[in-house]
Amino acid sequence: MRNVSLRGATVALVTPFSASGTVDEKALRGLVDWQIQQGIDALLATGSTGEAATLSPDEQARVIEIVVEQTAGRRPVVAGTGTNSTGKSIEMTRRAEQLGCDAVMLVGPYYNKPTQDGFYQHFKTVAEATSLPVVLYNVPGRTASNIAADTVLRLAEVPNIVAIKEASGNFSQIMQILRGRPKGFLLLSGDDAICLPLIALGADGGISVVANEAPGQFSRMIRFALDGQFKESRELHYRLLSLMELNFIESNPIPVKAALAMMGRIQEEYRLPLLKMTEPNRAKLRSVLLDLGLL
């Protein structure tokens with residue numbers, strides 16, 4: 001298994017599209033360089049924020065390839081390779097490994113709604129098909145099913161399952177994982193707005209949407225918290241909180257791509273069924289971006 005540290009701030013990168021609907025490779029490379037310059041600790045390609053659900057397998061592989069190439073070893077690269085099919089997840093995971101990424105993230109199977117033992121067998125089977133470190137991703141709001149704490153702790157014993165991105169919002173469940181996890185198993189917040197309190201409880205960082213727009217500020221917030229400098233971390237948390245919340249005023253990644261377009265970093269293009277942001281919400285977003293000095 002590759003030795004990779006995902007402690008700290010990871011950006012869940014958007015996937016920029018051109019007006020013709022293809023992946024905007026130049027914009028994606030620019031985002032990678034900017035994130036690294038701003039101090040992000042790791043990059044996640046083809047996650048939910050990266051609209052992986054509407055990328056073809058070849059497009060998904062190309063996005064991963066670009067991020068790996070452009071990062072050039074400067075930061076760890078994680079690839080979202082999970083689907084609701086164990087076989088397809090294995091195929092994409094092996095492809096990502098061949099493309100040179102440092103770890104993979106596997107979302108809980110959506111739509112199928114597996115049992116807890118089904119979750120266990122799914123993740124264990126995919127993990128055993130790769131030498132890469134594996135990050136679990138629990139996001140019941142998108143998958144309609146929850147990976148229970150006992151199942152996570154059972155999976156944490158699989159040698160190359162090294163972390164979980166937890167986005168259930170269930171503090172009791174998250175604390176059970178933090179209390180019972182084996183040494184070296186990381187818990188990363190999947191909700192920007194509760195990243196700081198989770199670090200106070202023992203979490204190891206976050207995989208972030210707001211880091212797309214404010215990578216420097218978010219990274220510093222995480223670093224302060226991990227170093228126990230909670231006063232400084234709180235100041236940045238409350239500074240970014242309105243943007244964290246507005247990023248979900250419409251379905252992610254609609255707001256964050258609108259923001260990046262306002263900032264001149266990408267074109268505001270999506271894949272159906274996602275649409276451009278509505279004008280009233282766009283005005284709210286622009287106001288917050290101006291307040292933060294991002295425009």
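Per the conditions (1) in a helix (DSSP H, G or I); (2) closer than 17 Å to Val104 by Cα; (3) open to solvent by less than 40 Å² (accessible area, probe 1.4 Å), the sole criterion not satisfied by Ile36 is (2). Being more than 19 Å from Met221 (Cβ to Cβ) and either in contact with a strand residue (DSSP E or B) (Cβ under 7 Å, 6 or more places away or on another chain) or in a helix (DSSP H, G or I) (or both) is not true of Ala19. Please determine whether any residue of the stretch 43-56 is farther than 20 Å from Pro253 by Cα and either of a type outside the set (Gly, Ala, Ser) or free of Cβ contacts under 8 Å to residues at least 12 places away in the same chain (or both). No, that holds for no residue. Every condition in (1) open to solvent by less than 30 Å² (accessible area, probe 1.4 Å); (2) without any contact (Cβ under 8 Å) to a residue 40 or more places away in the chain is met by Lys26 except one, and the failing one is (1). Screening Arg74 against (1) basic (Lys, Arg); (2) in a loop (DSSP other than H, G, I, E, B); (3) closer than 16 Å to Arg95 by Cα leaves a single unmet condition, (3).
Among the residues in the stretch 140-160, are any free of Cβ contacts under 8 Å to residues at least 12 places away in the same chain and over 24 Å from Val68 (Cβ atoms)? If you could, list the steps in order and put the result at the bottom.
Start the filter on the stretch 140-160 by keeping residues that are free of Cβ contacts under 8 Å to residues at least 12 places away in the same chain, which leaves none.
No.
Of the residues Lys113, Lys88, which single one is within 23 Å of Val139 (Cα to Cα), in a helix (DSSP H, G or I) and open to solvent by 20 Å² or more (accessible area, probe 1.4 Å)? Full working, then the answer.
On the way: Lys113 fails: in a helix (DSSP H, G or I).
Only one candidate qualifies: Lys88.
Yes or no, residue by residue, for (1) under 19 Å from the mean Cα position of the chain (by Cα); (2) modelled with pLDDT under 95; (3) within 22 Å of Asp24 (Cα to Cα):
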{"position": "Ala214", "(1), (2), (3)": "yes, no, yes"}
{"position": "Met221", "(1), (2), (3)": "yes, no, no"}
{"position": "Asn252", "(1), (2), (3)": "yes, no, yes"}
{"position": "Val256", "(1), (2), (3)": "yes, no, yes"}
{"position": "Leu260", "(1), (2), (3)": "yes, no, yes"}
{"position": "Met263", "(1), (2), (3)": "no, no, yes"}
{"position": "Glu269", "(1), (2), (3)": "no, no, yes"}
{"position": "Ser287", "(1), (2), (3)": "no, no, no"}
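Close Cβ contacts (under 9 Å, 6 or more residues apart or on different chains) running from residues in the stretch 118-137 that are within 20 Å of Ser48 (Cβ to Cβ) to residues that are acidic (Asp, Glu) and open to solvent by 30 Å² or more (accessible area, probe 1.4 Å) comprise Leu132/Glu97; Leu132/Asp102; Pro133/Asp102.
Based on what the data block shows, is Gln173 closer than 30 Å to Asp291 by Cα, open to solvent by 10 Å² or more (accessible area, probe 1.4 Å) and of a type in the set (S, T, N, Q)? No, not satisfied.
For first residues located in the stretch 82-99 and closer than 16 Å to Gly47 by Cα, partners that are among the aromatic types (Phe, Trp, Tyr) and not in a helix (DSSP H, G or I) and lie 6+ apart or on another chain with Cβ distances below 7 Å form the pairs Gly82/Tyr137; Asn84/Tyr110; Asn84/Tyr111. Evaluation of Leu6 against the conditions (1) touching a strand residue (DSSP E or B) at 6+ places or on another chain (Cβ under 6 Å); (2) over 21 Å from Ala261 (Cα atoms); (3) not in a loop (DSSP other than H, G, I, E, B) shows that the sole unmet condition is (3). Of the helices (runs of 4 or more DSSP H) lying entirely inside the stretch 177-295, the ones with 2 or more residues being of a type in the set (Val, Ile, Thr) and surrounded by 16 or more Cβ atoms within 10 Å (Cβ to Cβ) are found at 254-262.
The values are calculated or read from the model by the stated rules, or taken from the named source; none is laboratory data. No experiment lies behind these values; they were computed from the predicted model shown. Cβ atoms come from the backbone with ideal geometry, glycine included; neighbour counts cover every protein chain shown. What goes into the accessible areas is simple: the full protein's heavy atoms, side chains included, and nothing from ligands, DNA or RNA. Shrake-Rupley method; radii C 1.70, N 1.55, O 1.52, S 1.80 Å.
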